[in-house]
Amino acid sequence: MNSVAFILIAILTLAAALAAASLPKLIHAALSFAVTFVGVAAFFFLLGAEFVGLVQIFVYIGAVAVLIVFTILLTGRDAGKDRGFNWGGVAIAIAVFGGLIWAILKTQPLSIAAPPIEALTVRRIGEALMTSYVWPLQCVGVLLTAALIGALILVMNEER
Amino acid sequence: MTPALHLFLIVSAALFCIGLLAALSRRHAIFILIGIEMMLAAANLNFIAFWRFGPQPQQPIGVMVAIFSIAIAAAEAAVGLALVLAVYRHYRTTNVDQLNQLKG
Amino acid sequence: MSGDVVDQIFIRAKQWLLSWLAGAPDWIIQVASSLLNIFALLGVFLTLFALISVLERKILGRMQNRYGPNRVGPFGLFQPIADGIKMLIKEDIVPARADKIVHFLAPILIAATAILALGVIPYGRNMTPFAIDGGILFFFAVGSTTELAVFMAGWGSNNKFSMLGAMRAIAQMVSYELPLIITTLPVVMVVGALSPDAIVAAQSSYSFGFVPHWFVTTPWGAAAFVLFFVSGLVESNRTPFDVPEGESEIVAGHMTEYSGFKYATFFMAEYIGMFAISGLTVTLFLGGWHAPIHVLQFIPSYIWFFAKLSALLFVYIWLRGTLPRTRIDHIMNFAWKFMLPMAFTCILAAAVWHYMGRGLAGWLCSLAVIGIVYIALSILLDTRKRFATRTYRFAE
């Protein structure tokens, strides 16, 4: 059943990602972007990292996608269509994809099947965050505060 | 039965390249941001996959890296969109090709 | 014990139904079990929706000295059926310049997320449809998708009233999501788990046999409960915070261009969202499915849950009958200047309560913390002094 789920999620994610990269209307692209991230969160669920999947949905759908649609609205409706398209980018992307696939298929697999593990509970993640990862956590807190202030200053009215 | 690691890596490579495509070939600043976010998500998928299939799945290392990277990606998106807004106010455009004042 | 049989009757029924599939592969049983949960959830909450939609009109009628619906069936109880038939046979109008796909997907997305959120709430002993370790996070993750759905409805309709309504809705939902989530934090901190089952289990004991250990009985819990309830009112777009669909200003907000069954879907999603947020309030602060007094534990757990849920829903209807609509800038100021600092104070007070041994001393100290911040905020935010005494002028 997991293989079926994997194929379905992979098709959904990649199709939504392609749509997000190629649709001419910005709002459609932003909504497909949200679907892509639901797909990635589903992958996290499949891999047993439920917490990360939930955080992914919470942050990307609840915050980033809403921010993006607001920005699209604020930058004017006539800018809603993207006309220019650079075909050089497509060539580079395909070349990078080919290189990555070549590298992936050439390496020896780490282990064929995933070893069974006990469920990664929120409590264990919390304990790890508060003990071994407390300094990174503090740094991320500072970073987020700085980003908050920086974003506010950037969008404040220039006239004032 | 969870699918093998290779499949996850291939999907994440495909996602990364689609993000790269969006960032390189679209001219609207918001598309570039969307592409960057997709590339970050692909990297996160790799972190989680390597954690799950790696030698030490008892230690939540990959999960921690993914959580921090999501937090940083959120900060990046907020600042990036604020920049898009500020640029739009100043130049009345969001096309990155037209922002060429520093071009010699 | 005979009480146990009635208490667990739904679990037994489900196990009995699943026993028919005894020989089937594992994944079929898993899918069948999920389907049973989904159908039970949909059946219960759609019935409750039908019931509440008529009861709300009847209660509002009583409050305004009129009868309310009383024509269809006994006491007008079949009114929702008549309404449903009316909605189904109405023409489905899509504006010519609308974004067809987005316009079509918005009601589906909003209903789906509202129903998903119901899944993590424990309705009784062993009665959580989707028991997940990060249940509270799941609830909020799914709930935050509603904003995108509202935006899709507003943008897809290509109508200025729809867009304005969606902007208002998103603005107030984003602002009140912060107090909503931060007021759950003290509960999560004190319990030490994100799973709703663990939160309910932590509220199971009684002092002296009659004072329940619900979190609402502590000062921080009571303050968080009030803040959470108000945020829940905003999240479900109920009066006095129903500016997104203020009829007198912007027709029906993001639902302006929807008709027939799609409009009914929006309406249903709004009510189901209200049930979900009330259910979470019951779980977090009102002891979930536990009885208020020790001796009343023989009454089945799900009856307690739905009794508490109905009490909260009655307060929602009561507020709608009592309060006028708030202005949008007042709503915003209230969120950022009062709700958010108070929510952070709740975390502080919960920490004080926990580290002073969860006894009487901690109770009093956390009350003091909340009281000091409340008084300071009310002095700081007092705007009355800026205005002169009102003078009344009458026509000569």
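The values are calculated or read from the model by the stated rules, or taken from the named source; none is laboratory data. All values derive from a computational prediction rather than experimental measurement. Reconstructed Cβ throughout: ideal geometry from the backbone, glycine too, with neighbour counts over all protein chains shown. The area values use the complete protein model at the heavy-atom level, side chains included, leaving out ligands, DNA and RNA. Shrake-Rupley method; radii C 1.70, N 1.55, O 1.52, S 1.80 Å.
Laid out as a table, the results:
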item	result
Rounded to 10°, Cα long-axis angle of helix B:5-25 versus longest principal axis of chain B	0
Buried accessible area, chains B and A (both chains, 1.4 Å probe, Å² to nearest 100)	6900
Computed accessible area, C:Glu249, all protein chains, 1.4 angstrom probe, square angstrom	90
Dipole magnitude of chain C, debye to nearest 20 (Cβ charges: Lys/Arg +1, Asp/Glu -1, about Cα centre)	1020
Residue of C:Ala24, C:Ala361, C:Ala201 that the Gaussian network model of chain C assigns the largest fluctuation, springs spanning Cα pairs under 10 Å	C:Ala24
Inter-centroid distance (Cα atoms) of the range C:202-260 relative to the range A:12-42, Å	33
Exposure of C:Phe130 as accessible area (Å², to 10), given a probe of 1.4 Å and all protein chains	90
Shielding score for C:314-324, defined as the mean number of other chain Cβ atoms within 10 Å	0
Rounded Å value of the spacing that divides the Cα centres of the range A:125-155 and the range C:1-70	43
Overall form of the range C:213-350 per C-alpha gyration tensor (a/c, 1.5; a/b vs b/c)	oblate
Mean Cα-pair separation over length for chain A, i.e. relative contact order, pairs under 8 Å, 6 or more apart, %	17
The protein assembly as shown: C-alpha gyration tensor shape, a/c 1.5 cut-off, then a/b vs b/c	rounded
Cα centroid separation, the range B:45-104 to the range C:75-130 (Å)	35
Most to least packed among C:350-357, A:91-98 [average Cβ atoms within 10 Å]	C:350-357, A:91-98
C/A buried area, accessible surface, summed, 1.4 Å probe, Å²	2200
For residues of C:296-305, the mean tally of beta carbons on other chains within 10 Å	0
Cβ-based charge dipole, chain B, positive-most Cα from B:Ser12, B:Leu81, B:Leu102	B:Leu102
Dipole moment magnitude, nearest 20 debye, the protein assembly as shown about Cα centre, only Lys, Arg, Asp, Glu C-beta charged	1100
Long pairs among C:Lys58/C:Lys262; C:Lys14/C:Lys90; C:Lys58/C:Lys337; C:Lys58/C:Lys308; C:Lys58/C:Lys86, criterion Cα-Cα beyond 29 Å	C:Lys14/C:Lys90; C:Lys58/C:Lys337
With DNA, RNA and ligands ignored, accessible area of C:Asp197 (1.4 Å probe; Å², nearest 10)	60
Dipole magnitude of chain B, debye to nearest 20 (Cβ charges: Lys/Arg +1, Asp/Glu -1, about Cα centre)	280
Mean ellipticity per residue at 222 nm, deg cm²/dmol - from DSSP H runs of n ≥ 4 across chain A, formula -39500 (n - 2.57)	-23500 deg cm²/dmol
Shape of chain C, Cα gyration tensor, a/c cut at 1.5	oblate
Inter-chain Cβ neighbour average for residues C:125-138, partner chain, 10 Å	3
Lys/Arg +1, Asp/Glu -1 at C-beta; chain A dipole; positive extreme among A:Val66, A:Leu143, A:Thr121	A:Val66
Over chain C, relative contact order from alpha-carbon pairs under 8 Å, at least 6 apart, %	20
